[in-house]
Amino acid sequence: MKAIRRFTVRTVLPESIAPLARLATNLRWSWHLPTRELFASLNPQIWDESAHDPVTFLGSVSREQLQQLAEDSEVVERVRKAAEDLQGYLEEPRWYQGLSEEAPKCIAYFSPEFGITEVLPQYSGGLGILAGDHLKAASDLGVPLIGVGLLYQAGYFKQSLSRDAWQQETYPVLDPDGLPLTLLREEDGTPAQITLPLPDGRELHAWIWRADVGRVPLLLLDSNVPGNDDAARAITDRLYGGGGDHRLQQELLLGMGGVKALRIYQRLSGVPAPEVFHTNEGHAGFLGIERIRELIETKQLSWDEALAAGRASTVFTTHTPVPAGIDRFQKSQIQHFFEAGLAPGVPVENILALGSESYDGGDSAVFNMAVMGLRLAQRANGVAKLHGVVSREMFSGLWPGFDHSEVPISSVTNGVHVPTWVDPKVSELVIERSGGSLLDQPDWSKVYQIPDAELWSLRGELRSALIDDVRRRVRASWKKRGAADAELAWTDSILDPNVLTIGFARRVPTYKRLTLMLRDPARLKALLLDEKHPIQLVIAGKSHPADDAGKKMIQDLVRFTDDPEVRHRIAFLPNYDIAMARTLFPGCDVWLNNPLRPLEACGTSGMKAAINGGLNLSVLDGWWDEMYDGENGWAIPTANNGASAEERDDIEAAALYELLEDQVAPRFYGVGGTSEAAGAAGASTEPDSDLPTHWISMIKHTIATLGPAVSAERMLNDYVHKLYEPAAIAGRAIVADNFAAAKVLAAWKSKVTAAWPILAVEHVDSVGVSEDPQIGDTLTVRAYVNLDGLSSSDVRVEAAFGKALDTDELSDTDSVALHPVEDLGNGRHLFTGDLVIDRSGSFGYTVRVLPENPALANRAELGLVTSA
Ligand SMILES: *Cc1c(COP(=O)(O)O)cnc(C)c1O
């Protein structure tokens with residue numbers, strides 16, 4: 001029989017243990033071991049059966065047993081203590097509460113996916129996990145953030161394999177009542193609801209679910225509600241499921257609906273209005289349009305004024321240099337939806353212009369979400385230093401006339417939420433044993449005090465735990481692929497707890513090159529089967545359902561792993577998710593990453609490996625490009641010499657094999673050493689074996705130096721100081737006195753923009769340099785500039801100078817301001833200034849004019865510059 005309708009009945013807990021409900025729904029349990037241990041202790045068997053999900057667990061314990069627990073005074077006391085601890089965590093002042101008044105009172109963080117725990121499968125990969133880690137670190141630091149996203153009925157797909165190793169996708173439907181979510185309700189008990197108009201007189205309604213991520217509320221919009229037609233109900237069916245209109249409607253709901261949901265939440269909960277809006281990747285960009293709509297409608301601002309006001313307090317983070325990762329719609333689609341009345345009072349052509357690819361190589365029919373994101377935010381960033389460089393180049397068309405280095409996109413390197421990703425055994429040994437706490441700026445350098453033997457034996461335990469998990473998963477996978485138990489005895493002994501274990505897991509877009517290791521299968525086989533220094537590999541990853549190239553890579557890989565000759569040394573684990581990752585990272589000795597540089601924006605999985613003592617073996621891309629230091633792992637060289645794609649893969653794969661053969665494997669198995677700690681080898685289990693002291697010193701160095709650098713707390717700290725605070729200050733200034741500054745700025749911008757085509761540097765001369773210029777000589781530059789109607793205070797006239805290349809391009813540039821000395825009439829002005837020649841070799845300078853206004857965050861912001 002099949003049910004025609006399904007719902008989850010929430011357990012009513014006896015009074016004395018009622019706080020368990022809150023402990024189960026506040027997701028802090030996902031990074032708070034004592035809470036998980038409390039649930040496990042109540043009934044270990046049911047805890048395992050409910051896949052360590054507290055809500056499912058409470059729903060599975062019988063009423064009789066709950067009653068028994070409620071009468072057990074020891075249990076009641078433990079529950080009370082845990083609830084008290086949670087309450088303390090939620091209320092106590094933390095890092096952020098020590099900041100100045102300038103810090104924003106509230107920050108809204110919009111993202112299309114959030115990866116918080118496997119129990120809430122609302123993520124596909126790095127972007128979602130990062131968003132989850134952002135919320136968790138914000139909670140730990142007391143940053144007053146509110147997350148906004150969508151609740152997908154089936155989340156992302158579950159992956160399994162067919163007999164012939166082709167990825168199979170299933171979409172188990174989630175019941176929100178069975179998830180750690182609370183429906184937001186009006187005071188009269190009815191569900192709070194937002195509504196957006198759709199074309200053809202239809203409407204889109206959505207309810208708002210709240211997940212509690214520690215101190216941080218996460219609002220998730222759900223369109224599967226009564227009152228919607230079937231098509232509207234299906235808008236939040238799956239994450240990255242459809243394309244075209246389906247995807248566009250998801251993004252309209254996320255951005256426009258998300259702001260409306262925030263306003264309802266503010267009204268019902270009394271939290272302050274967000275002072276900063278953070279758009280995590282282009283998908284959420286429509287939030288800026290909704291804010292403009294609000295300002296036009298309620299404050300009677302013009303488009304330009306509302307845009308200026310909204311931009312000041314908006315931060316945009318771009319996450320990918322891969323074109324396929326950027327949403328592009330047809331302008332006609334956007335027009336179709338907005339003409340249905342999504343943003344009354346907002347001219348549709350202005351919206352279309354925001355996403356317009358109005359630069360060389362752009363497509364004039366296309367609406368680009370990343371481009372809109374950049375135009376709607378006064379502050380933008382990439383997610384690693386190298387990614388900042390790549391993004392400045394990639395989007396430089398939006399700032400014509402500026403050098404790439406001047407494009408106003410900064411970078412904040414991603415981080416990982418340490419309490420989520422560090423194995424409890426590692427934090428016990430490195431942090432807690434010396435009296436530290438993960439929550440209070442842990443001192444990672446304490447790792448140097450741990451005896452080598454102890455650290456090595458911990459690494460062995462973690463490796464063994466991974467191997468147990470791998471055996472279980474490989475057996476389950478083969479059963480799904482149609483094998484009988486009798487054929488599967490071999491799975492009980494795959495992988496060896498004493499063999500160098502290398503992990504590779506991530507989404508499978510082609511640029512991540514899952515199958516690079518297969519480039520020379522014979523060589524890989526030799527590495528796996530080496531008698532003295534074997535390696536073993538654990539691999540996982542999902543391919544996007546529409547990406548057959550990715551699925552083919554998985555198939556190639558899995559077919560290789562199916563070979564009876566090597567299958568004890570290499571395993572592919574289906575359905576990569578947070579639960580798997582938490583065993584995988586700590587269990588791997590080496591974390592492998594070989595993307596096509598520079599397409600990996602940051603990458604965070606190597607960071608998760610590092611905090612557990614894994615060494616990275618990676619292409620110098622993303623975070624590794626800035627954090628590799630020669631002693632914390634290995635860099636796979638990049639063939640960037642103009643080789644073809646095929647040659648490049650050959651060269652880089654060969655380099656990878658070579659590193660594994662010559663450096664990684666020998667060092668892992670290396671014996672002896674002269675370091676003092678090697679003396680502690682007495683603790684080793686095999687009497688005549690020694691410890692790989694060089695390897696262990698690399699582990700210690702990795703943990704001590706990368707621990708603080710890769711943590712999400714460091715990342716939040718950067719966001720708060722470099723982006724949130726400046727955005728809040730700018731946002732407050734621009735709305736003060738009934739938007740006085742927004743009005744002035746908007747008027748100034750249109751004046752400057754109108755004057756710009758006429759403005760010109762008419763003549764430049766210089767005095768002071770002899771025939772034979774020397775370092776230290778001073779050059780007085782005089783520039784005659786026609787400012788049209790602008791005043792000399794509207795602009796910065798500067799001499800930009802640097803090394804002159806053969807093409808006359810300037811590099812390593814610097815600039816000095818020239819000052820107005822004479823008004824020559826008719827809009828013409830003379831500017832002069834001194835420039836000191838500070839370098840030898842070929843030297844050049846130019847004069848240029850840029851708009852200048854204290855309300856600009858960056859001189860390149862308006863994309864206006866005129867050079868001599
Ligand atoms: C960390 C993580 C990712 C992201 O990994 P990248 O290295 O950034 O690609 C994806 N999925 C899961 C389950 C993760 O834990």
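Since every read-out is calculated from the coordinates, none of them should be taken as a lab result. Small disclaimer: the values here were computed from a predicted structure and weren't measured. Backbone-built Cβ (ideal geometry, glycine too); neighbour counts: all protein chains shown.
Listing for the model above:
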quantity: Listed residue pairs exceeding 18 Å between alpha carbons, taken from Lys299/Lys743; Lys512/Lys552; Lys158/Lys512; Lys331/Lys751; calculated: Lys158/Lys512; Lys331/Lys751
quantity: Taking all pairs of distinct alpha-carbon atoms in region 225-350, Kirkwood radius in angstrom; calculated: 15.9 Å
quantity: Gained length - Lys158 relative to Glu631, 0.36 nm times residue gap less alpha-carbon distance; calculated: 166.5 nm
quantity: Helix-derived mean residue ellipticity, 222 nm - over the chain, DSSP H n ≥ 4, -39500 (n - 2.57), to 500; calculated: -11000 deg cm²/dmol
quantity: Potential lengthening between Asn640 and Ser73 on full extension [0.36 nm per residue; Cα-Cα distance subtracted]; calculated: 197.4 nm
quantity: Net length gained if the chain between Ser464 and Thr190 were fully extended (0.36 nm per residue, minus Cα distance); calculated: 93.5 nm
quantity: Whole-Å distance, taken between Cα centres, linking region 103-166 and region 196-232; calculated: 17 Å
quantity: Cα centroid separation, region 775-851 to region 297-367 (Å); calculated: 36 Å
quantity: Ala18-Thr753 FRET efficiency (beta carbon distance; Förster radius 45 Å; 0.05 resolution); calculated: 0.15
quantity: Nearby aspartates and glutamates by direct alpha-carbon distance to Lys480 (threshold 15 angstrom, same-chain neighbours under 8 apart not counted); calculated: Asp164, Glu169, Asp562
quantity: Kirkwood hydrodynamic radius (C-alpha pairs) into Stokes-Einstein, region 16-173, 20 °C and 1.002 mPa s, D in µm²/s; calculated: 119 µm²/s
quantity: Within straight-line cross-link reach of Lys803, lysines at Cα separation under 28 Å, skipping those fewer than 8 residues along the same chain; calculated: Lys385
quantity: Residues of type aspartates and glutamates that Lys532 reaches as a straight line, Cα spacing below 14 Å, ignoring anything fewer than 8 places off in the same chain; calculated: Asp496, Glu661, Asp662
quantity: Nearest 10 degrees, 0 to 90: helix 385-394 Cα axis against the chain principal axis; calculated: 50 degrees
quantity: Between helix 303-312 and the chain: long-axis angle, C-alpha atoms, 0 to 90°, nearest 10; calculated: 50 degrees
quantity: Percentage of interatomic Cα-Cα distances in the chain larger than 55 Å; calculated: 16 percent
quantity: Area projected by the alpha carbon convex hull of region 759-867, averaged over all directions, nm²; calculated: 7.4 nm²
quantity: Principal-axis tilt of helix 578-587 within the chain, Cα atoms, nearest 10 degrees; calculated: 80 degrees
quantity: By average C-beta atoms within 10 angstrom, highest first, the peptides 495-502, 237-244; calculated: 495-502, 237-244
quantity: Cα extents of region 592-665 along the three principal axes, largest first (Å); calculated: 36, 29, 17
